[in-house]
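The values are calculated or read from the model by the stated rules, or taken from the named source; none is laboratory data. Note that the structure is a prediction, hence the values are computed from the model and not measured. So basically every Cβ, Gly included, is an ideal-geometry build from the backbone, and we count neighbours across all protein chains shown.
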Amino acid sequence: MAYIEGFPPQDISRSLLRHLAFMAIVMIATVGFMIDFSKDWFEQLSSSSVPLIIILAIMLYVSFKVNPKGWKLMLNKQDYLESLRQDSMIAEQLLKLDDSHYIIHNITFELFHIEFLVIAPKGIFLIEKAKGSGDLEIRDNILFQGGRTIETLTGNLWRLCHLVNIVLKKGYQVDVMPQPVLVIPDVERLDVKTYDDISIVTPTELMSLIRDQKKEVLTTEISQGFAFYIKDRYGPKK
């Protein structure tokens, strides 16, 4: 059985509370440094509102990028629980792989969120799931789901593949491009199987896609070493 790290996700609410507490401390400290309370501090605060709003917006943006599941849990619990159910479907299939496969779930990689990252001698697989519903179709070389484009999702998937490739080349002097995989939950059959070299599968097709790769592209030592590096550098901190 494959080894999985970070599933089910732990400590999401507490992590978000730490983010909010940090933002509050930063804002209070910033106001304290900017305002001279011996003068008309209210007028000073009003004139400083724009930079304070900008600082807060940047911190909120970074927090959302680092912990998107925490924000989803706080803002839309039903949506979070549905996403967790779909993640469970994917994890259940990935765990059927053998123990040469190392799976990392729910990490932030250079401010990009990764749902599932599978590292094995037969390759690196970067797995994302579609957030919407409806049939897939390709129009004018753009992928749509339920009539809405998911070009941002597929574009980010490829950007993450290139970032992981850069880190692997820099640290291990191995040039292996991760394979992007888009999972469409809650469907039994797909009419679109590939798009822009992205494999598109149902959860039940995921295991065979990874398992049936013919060629080993990483040594066992590099595969294990890179997996532990990603876990320690980008995985959840305990």
**Request:** Determine if the range 189-208 includes at least one residue that is under 25 Å from Tyr80 (Cβ atoms), surrounded by fewer than 18 Cβ atoms within 10 Å (Cβ to Cβ) and of a type in the set (Lys, Arg).
**Result:** no
**Message:** Go through the range 164-186 and report how many residues are outside any strand (DSSP E or B) and either touching a Pro at 6+ places or on another chain (Cβ under 9 Å) or under 12 Å from Glu128 (Cα atoms) (or both).
**Reply:** 6
**Request:** Could you please find all residues in the range 33-65 being under 18 Å from the mean Cα position of the chain (by Cα) and at pLDDT below 70?
**Result:** none
**Prompt:** So which strands (runs of 3 or more DSSP E) are wholly in the range 88-162 and hold at least 2 residues that are of a type outside the set (Asp, Glu), in contact with a Pro (Cβ under 9 Å, 6 or more places away or on another chain) and under 28 Å from Glu216 (Cα atoms)?
**Reply:** 102-109, 112-120, 123-129
**Message:** Residues that are surrounded by 20 or more Cβ atoms within 10 Å (Cβ to Cβ) and either over 20 Å from Ser83 (Cβ atoms) or among the polar types (S, T, N, Q) (or both): does the range 113-120 have at least one?
**Reply:** yes
**Message:** With the structure loaded, tell me whether Gly132 is surrounded by fewer than 20 Cβ atoms within 10 Å (Cβ to Cβ), touching an Asp or Glu at 6+ places or on another chain (Cβ under 9 Å), within 24 Å of Pro68 (Cα to Cα) and not hydrophobic (A, V, I, L, M, F, W, C) or whether it fails that test.
**Reply:** no
**Request:** Filter the range 207-233 for residues that are under 15 Å from Val164 (Cβ atoms), among the hydrophobic types (A, V, I, L, M, F, W, C), more than 19 Å from the chain's Cα centre (by Cα) and assigned to a helix (DSSP H, G or I) and give the result.
**Result:** Ile222
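Per-residue answers, yes or no, for (1) among the aliphatic types (A, V, I, L, M); (2) within 20 Å of the chain's Cα centre (by Cα):
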residue: Leu117; (1), (2): yes, yes
residue: Lys122; (1), (2): no, no
residue: Ser133; (1), (2): no, yes
residue: Glu137; (1), (2): no, no
residue: Asp140; (1), (2): no, no
residue: Gly147; (1), (2): no, no
